[in-house]
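A short write-up of the structure that comes next.
Quick note: the coordinates plus some simple rules give every number you see, no bench work behind them. What you see is a predicted model; the values in this text were computed from it and never measured. Positions of Cβ are backbone-derived with ideal geometry, glycine not excepted, and every protein chain shown enters the neighbour counts.
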Amino acid sequence: MLAQPVSTNALAGYRRLTVKIGSALLVDQESGTLRDEWLAALAKDIAALKARGVDVVIVSSGAIALGRRLLGLKGVSLPLEKSQAAASAGQIALSQAWASHLGAHGLVTGQILLTPNITEERRYFLNARTTIATLLGLGAIPIINENDSVATSEIRYGDNDRLSARVATMIEADALILLSDIDGLYTAPPARDPDARHVGLVEEITPAIEAMAGGAASHLSRGGMTTKIEAGKIATKAGTAMLIAKGTGAHPIAALETGARHTLFAPAQGTTAARKRWILGTLEIEGRMVIDAGAARALLEGRSLLPIGVTEVSGRFERGDPVAILGPDGREIARGLAGLDRAAADLVKGKKSDAVRALLGADTRTEMVHRDNLVLV
């Protein structure tokens, strides 16, 4: 369902913001140097937010782009080891730039480098959240980036869209702002379709909305609007609003407060417990369970997923790993932490609890996914 936002100040009422900055905004693509004047203007915007009591967390790309110039690396595409080296050198320059420009307004910054497993493993997740919360409590501004210098797989453009969504849900931000080279979502890519219309408000991310971005997002996606829609799914399902706004001009945050065009992705209604927000923000799903109509109704009533309602199991997962739960029509209706590993789940699917205990032992908990570890999507 689409509509148009009515408030002139897009940030009115938000007390905690996560702002994601892409490489193309921070770094001049021709020279590989920092866009100092632009960053100075953004820093002034952030200082104004802080002066009004708004917490701000920055998720900043740009380390690889800066590092390429510092190390004299040429070419459109770099092999992984050189991308890692560029990230290592560039991260120092990036951190210094943020510290300098925000420091000019009396603001202290703290650098945090994250990897996907930190948002997926509960203990690391809680540690990272505590560090960010402590920095905010001390009046500092956390500057967060993915730890590309030790990446173990191909460094992908667009990863920080999803990272920023996971950070926003981690810290219970009211809104996530994705500053981009476009002022929001259009009904089709405007560069290819002159009749494309701007979408002011997305109340729910549906297959039709995904199609506007070029199709449903997946782990194979590479940047652009597709990863922003995927970030929106992570954020809004956990109760965080998301805005896509044009960031190429000076003072992009101030512009949002004075009526600049953007797309608002409305948060899901109701609150989600912290543990369930973490489950929703998980990056990688390790397995899938297809359930029958009776089990789907039980989940909607707040019950656990029992083996008898599971018709199919796929993937490679251990007990405690995140799994997607699909209804009879193949659409994901819930997500949770598996109560059994793949082999055991495959063995007992479709069976009653007494049969499950006979197969796995009298002391075995019979839930495929316990309701405390499950959240509807």
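Summarising the amide proton neighbourhood of Gly350: residues at separation of 5 or more, or on other chains, whose placed amide H is nearer than 5 Å comprise Ile308, Gly309, Val310.
Amide H contacts of Ile177 (H built 1.01 Å from N, in plane; Pro and chain starts excluded): Thr18, Val19, Lys20, Leu243 sit under 5 Å, all sequence-distant by 5 or more or on other chains.
Helices assigned as whole DSSP H runs in the chain whose Cα atoms extend at least 18 Å along their own long axis and whose mean Kyte-Doolittle hydropathy is -0.5 or higher are found at 36-51, 80-103, 122-137, 224-237. Site pair Thr115 and Ala250 shows an inter-label distance of 4.2 nm when each label is modelled 7 Å from Cα along Cα→Cβ.
Cβ-Cβ distance of Ser314 and Arg15, R₀ of 45 Å, FRET efficiency by 1/(1 + (r/R0)^6): the value works out to about 0.60. In a fully extended conformation the segment linking Leu80 and Ala211 would gain 44.0 nm over its present Cα-Cα distance, using 0.36 nm per residue. Dipole orientation for the chain: of the candidates Ser304, Leu243, Gly214, Ser304 has the Cα lying most toward the positive pole (charges on Cβ; Lys, Arg +1; Asp, Glu -1).
Karplus-based coupling profile of segment 301-317, in residue order and whole Hz: 8, x, 8, 6, 8, 9, x, 4, x, 9, 9, 8, 10, 9, x, 10, 9, with θ = phi - 60° in 6.51 cos²θ - 1.76 cosθ + 1.60 and x standing for Gly or Pro.
Helix-only arithmetic for the chain: the sum of -39500 (n - 2.57) across DSSP H runs with n ≥ 4, divided by the residue total, places the mean residue ellipticity at 222 nm at -11000 deg cm²/dmol.
Pick out which of Leu135, Leu178, Leu163 has the largest mean-square fluctuation in a Gaussian network model of the chain, springs linking Cα atoms closer than 10 Å. Answer for the Gaussian network model of the chain: Leu135.
Look at the Cα gyration tensor of segment 27-149: its axes a ≥ b ≥ c give a/c of at least 1.5 with a/b at or below b/c, and that counts as oblate. What is the calculated FRET efficiency for Arg123 to Leu360, with r their C-beta to C-beta distance and R₀ = 35 Å, to the nearest 0.05? That gives a FRET efficiency of 0.80. Comparing Ala93, Gly53, Ile325 along the charge dipole axis of the chain, the residue lying farthest to the positive side is Gly53, per the Cβ-charge model. Return the distance in nm (one decimal) between the two label points of a simple spin-label model at Asp193 and Ala40, each offset 7 Å from Cα along Cα→Cβ. Simple spin-label model gives 4.2 nm for this pair. Summarising the amide proton neighbourhood of Glu146: residues at separation of 5 or more, or on other chains, whose placed amide H is nearer than 5 Å comprise Leu114. The magnitude of the dipole of the chain, with charges of +1 and -1 set on the Cβ of Lys/Arg and Asp/Glu and taken from the Cα centre, is near 500 debye. Look at the alpha carbon pairs under 8 Å that are at least 6 residues apart: their mean separation over the length of the chain gives a relative contact order of 16 percent.
Each label point was placed 7 Å from the Cα along the Cα-to-Cβ direction; for Glu204 and Asp181 their separation is 3.4 nm.
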